[in-house]
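Here's the structure, in structure tokens; my notes come after.
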Amino acid sequence: MDQPAIRPFEVTNRLVLSIAVPMTLAYVTTPLLGITATAVVGQLGDAALLGGLAAGAIVFDVVFTTFNFLRSGTTGLVAQAFGRADPAGEQAAFWHAFAIAAVSGIVLAFLGPLIAIAGSWFMDAGSRVTEAMHLYIGIRMLAAPFTLINYAVLGYVLGRGQGGLGLLLQIMLNGTNIVLCILLGLELGWGVAGVAWASVAGEFAAAIVGMTYVLARFHRLPPLPRSRLFDRKAFLLMVSMNRDIMIRSFSLLAAFALFTRQGAQEGTLALAANAVLMNFFLVAGYFLDGFATAAEQLAGRAIGSRYRFAFDRAVRLTIIWGFGLAIASSAACLLFGGALVRLITTAPDVRDMAYAFMPWAALTPVTGVLAFQMDGVFIGATWSRDMRNMMLLSFVVYLAALIGLGKAFGNVGLWAALHIFLIVRGLSLLSVLPARIRAAFA
């Protein structure tokens, strides 16, 4: 059987940045939305409402972070179809993701009350906080089908390398949400319910705009053969990928949850200081995700094109840009981190401890950048099994370091374990990359 033809294309710095920069800006709009929602409810002067919003947002994020595979998995499969000039493959990958998104979203919407009950059990907060959390989750979970469909749409857009369109869709989603959050939550006085309904409206608006674009593009293409749409092998590949990425996401969430839990064992002061400092890593992560997204699209496109030179260059350029941004982020943290700590907390003892551990937090972008980039490469290439296995290996190493170093060195040991986790994630994926490349381009 003849091999598919090689389809050369050039990977340039400009091409990398055309995907990475818009998506970096898009990802940064997400924390702005969280700040706005918190500020709106905070204006009501009721700590219970603010606590309910925060608890509800955490539950919602945990549930939907596990479904982020719909975005990343779709990106990889669409990028490969794009690379081999297979528009029918692009359509099939999108509709498979859409089917999973729609069914899962409807199920989650119906399970909203049960999710709220599970969340209140886990949080174990006061009655008024629990009441506010139930209200928020009950309303916001109605947006579940639209949220997951938006994941699939964004994955399709990014798979084709359309970072600018991805940015516009995220601005539509978060912009609508922010405006309605202020209008409904503050101006009309709906409070937590207003913030939740703003999220529903934002997801719905983005889904309408995104699906309009996708359907309009599909309308200009030849009809999708039923054999491609109902291709059992292709659908099972997506399910398998999604399963592996979900396991990876669960492990990542568990790692950060354990870091927080072990910090609590060191005392309230350590817990608070660590919570403040983790913001530096999370914000840096939004920036690094932009280049990881570029790695996803370009690696997937190169696999589909069977063009190893483009694959190697995509890996090299995204790593170079990623490390450059990570070093800049670390330097900014060291230079301006003190001011941000003072902005986040007014407690003198928390500030002092945060200052003491600032260098540990400042280095997380540098030790974590390879993990971000390798995740992007492996997702784009649809090597999800390797990504899952290396994550589980890294998690085991992390657990050993967390227990051993945490017990021996306290909070210093916890931060050291986090750095070990990030480094092992990146290096373990890098170690299996050469063999995977040789197999893919043999």
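Rolling a 1.4 Å probe over the protein heavy atoms gives the chain an accessible area of 44 Å² per residue.
Placing dummy labels 7 Å off each Cα toward the beta-carbon, the span from I403 to H419 is 2.3 nm. In terms of the mean number of neighbouring beta-carbon atoms within 10 Å, the peptides 84-93, 213-222 order highest first as 84-93, 213-222. Provide the net charge surrounding L168, with neighbours chosen by a C-beta distance below 15 Å and charges set as Lys +1, Arg +1, Asp -1, Glu -1. Here the charged neighbours net out to +2. When both the stretch 339-381 and the stretch 240-292 are represented by their alpha-carbon centers, they are found 10 Å apart. The label point for R128 and the one for T12, both projected 7 Å from the Cα toward the Cβ, are 6.1 nm apart. Of the residues A97, A339, A257, the one that moves most in a GNM of the chain with alpha-carbon contacts below 10 Å is A339. Placing R0 at 45 angstrom, the Cβ-Cβ distance between A264 and R217 gives a FRET efficiency of 0.35 after rounding to 0.05. Where a ≥ b ≥ c are the square roots of the eigenvalues of the C-alpha gyration tensor, would you call the chain rounded, which needs a/c under 1.5, or, failing that, prolate if a/b is larger than b/c, or oblate? Taking the square roots of the gyration eigenvalues as a ≥ b ≥ c, the chain is oblate. Taking T130, T147, T74 in turn, the Gaussian network model of the chain (Cα-Cα springs below 10 Å) assigns the largest fluctuation to T130. Counting only protein heavy atoms and a probe of 1.4 Å, the accessible surface of the chain is 70% carbon and sulfur. The protection proxy used here, the mean number of other Cβ atoms lying within 10 Å of each residue, ranks peptides 268-278, 16-26, 155-165 as follows, highest first: 155-165, 16-26, 268-278.
The values are calculated or read from the model by the stated rules, or taken from the named source; none is laboratory data. Remember, it's a predicted structure, so these values are computed and weren't measured experimentally. Neighbour counts run over all protein chains shown; Cβ positions are idealised from the backbone, glycine included. The area values use the complete protein model at the heavy-atom level, side chains included, leaving out ligands, DNA and RNA. Shrake-Rupley method; radii C 1.70, N 1.55, O 1.52, S 1.80 Å.
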